[in-house]
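This report concerns only the one structure given below.
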Amino acid sequence: MKLRVTVLGAGFGGLELSSILSETIGDQLDLTLIDQNDSFFFGFSKLDVMFGHKSSEAVKISYSHIVKPGVKFRKETITAIDPVSKTVTTSNGKYEADVLVVALGANYDMAATPGLTTWGNEYYSFSGAEKLRDKLPQFTKGHAVVGVCSAPFKCPPAPSEAALMLHDYLVNRGLRDACSISLVIPFGLPIPPSPDSSKALLKAFEERNIRFIPQRKVTSVGENKKVTLDDGTELPCDLFLGIPKHVAPDVVLQSGLTENGWIPVDKANLRTKFSNVYAIGDVTSVGTPKAGVFAEGAAKIAAASIIAAFKGKENETPYTGAGSCYIEFGKGNVARVDVDFFSGPKPFGIHHEASETLVVDKEHFGSSRKARWFGK
Ligand SMILES: Cc1cc2nc3c(=O)[nH]c(=O)nc-3n(C[C@H](O)[C@H](O)[C@H](O)COP(=O)(O)OP(=O)(O)OC[C@H]3O[C@@H](n4cnc5c(N)ncnc54)[C@H](O)[C@@H]3O)c2cc1C
């Protein structure tokens with residue numbers, strides 16, 4: 001009998017988990033990988049698209065390239081999940097499985113921040129990044145604000161990256177002196193687990209005259225060219241680059257899998273409270289930031305648990321919540337922070353200074369995943 005696995009979501013987590021299961025037990029596997037989209041893109045590609053460094057087509061990788069033993073991809077929208085019977089309903093039919101893996105990521109609640117998509121803009125969705133790409137050339141003077149509207153949010157360095165990249169964008173167009181840039185984030189430091197990365201970012205902000213406003217969120221974006229923060233402060237704003245409120249997809253919220261908005265999991269093996277139902281990545285409340293590297297790390301442990309259980313064993317390797325995040329520092333340089341959330345008494349990060357070498361490292365990070373997941 002083959003092991004029937006349904007993987008919901010072909011993002012970082014779903015792709016990595018499907019690849020491991022195929023490599024390890026492909027001849028005994030009947031895995032269906034379901035996603036509503038026809039192609040994958042890395043989260044960081046949205047910054048490249050927004051600032052016009054790459055076209056939308058160049059960063060998308062079609063799921064049609066997935067050819068793996070024991071794996072079939074289905075482009076369908078998931079409309080219901082029954083974690084008890086492990087049945088999934090989609091726009092096209094029903095799937096029953098022995099093991100269910102929920103890797104549906106995080107969605108955005110744009111309406112939670114009044115004015116966000118009418119007077120402001122967001123760059124966390126692909127379409128939002130594309131809209132900003134078309135809008136940025138019209139910004140020639142005034143106040144730009146990069147602002148986080150709620151926590152948790154994906155890729156904690158991404159707001160800092162956007163502020164630094166906006167600086168370069170304006171310098172290259174000869175407009176920097178006519179514009180101010182402010183960055184509003186809900187943490188005390190840009191990257192709380194890594195004081196050294198935070199120090200390097202704060203220095204970069206100071207050198208570029210980027211105003212850093214910590215411990216605050218943006219609560220509304222007004223037509224009167226102002227954004228309001230959660231303490232009532234108003235900032236002048238001619239261009240808003242927002243990070244919207246994150247929520248679990250509706251289909252997950254309706255499945256009975258969530259508590260306080262996200263799926264709780266046993267952090268040792270990524271199991272949910274339902275037998276043979278796992279959850280990985282941004283859709284969980286496992287305790288790591290919402291980032292691709294952590295979704296990938298969780299996928300490795302969930303896959304090891306699934307394989308061990310299939311062989312009548314128990315996976316002995318716990319999830320450490322460790323991963324490396326690249327940080328676009330502007331001026332063509334990239335830094336890296338290696339963070340570990342669960343091994344020590346508290347999360348800690350090791351900073352690697354921004355350099356051109358790390359630009360190559362980041363490119364390899366993307367190309368190696370592309371090769372591994374899509375054979376390209
Ligand atoms: C601007 C920006 C920069 C980023 N930079 C980085 C970075 O440098 N490094 C990093 O590690 N992370 C980065 N991230 C974060 C990263 O993209 C996510 O954390 C990561 O993709 C999460 O992986 P996941 O597998 O949990 O979910 P996702 O990759 O989001 O995958 C979820 C999948 O589920 C599918 N789905 C959802 N609902 C349904 C449904 N009802 N039916 C069918 N399919 C559905 C979606 O289409 C999606 O493909 C960045 C994010 C942003 C926005």
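The values are calculated or read from the model by the stated rules, or taken from the named source; none is laboratory data. The shown structure was predicted, so the numbers you read here are calculated from the model rather than taken from an experiment. No Cβ is skipped: glycine too gets one built from the backbone with ideal geometry, and neighbour counts run over all protein chains shown.
Taking the range 277-329 as the range and being of a type in the set (Lys, Arg), in contact with a Lys or Arg (Cβ under 8 Å, 6 or more places away or on another chain) and more than 8 Å from the ligand (Cβ to nearest atom) as the test, no residue passes. Evaluated against (1) buried (at least 17 other Cβ atoms within 10 Å of the Cβ); (2) hydrophobic (A, V, I, L, M, F, W, C); (3) touching an Asp or Glu at 6+ places or on another chain (Cβ under 9 Å), residue 350 falls short on exactly one condition, (1). Check residue 238 against each of (1) surrounded by fewer than 22 Cβ atoms within 10 Å (Cβ to Cβ); (2) in the same structural domain as residue 79 (by TED's automatic domain parsing) and name the one condition it does not meet. Of the numbered conditions (1) surrounded by fewer than 22 Cβ atoms within 10 Å (Cβ to Cβ); (2) in the same structural domain as residue 79 (by TED's automatic domain parsing), the odd one out for residue 238 is (2).
Residue count for the range 241-265, restricted to those that are part of a strand (DSSP E or B) and exposed (fewer than 15 other Cβ atoms within 10 Å of the Cβ): 1.
Checked against (1) buried (at least 18 other Cβ atoms within 10 Å of the Cβ); (2) touching a Gly at 6+ places or on another chain (Cβ under 7 Å), residue 222 meets all criteria but (1). Residues in the range 295-302 include at least one that is touching a strand residue (DSSP E or B) at 6+ places or on another chain (Cβ under 7 Å) and not in a loop (DSSP other than H, G, I, E, B). Only one entry of 103, 151 meets the criterion of being touching a residue at least 40 places away in the same chain (Cβ under 8 Å), of a type outside the set (Lys, Arg) and within 9 Å of the ligand (Cβ to nearest atom), and that entry is 103. Any residue at all in the range 222-232 that is out of contact with any Ser or Thr (no Cβ under 6 Å at 6 or more places or on another chain), without any contact (Cβ under 8 Å) to a residue 40 or more places away in the chain and part of a strand (DSSP E or B)? Yes: one or more hits.
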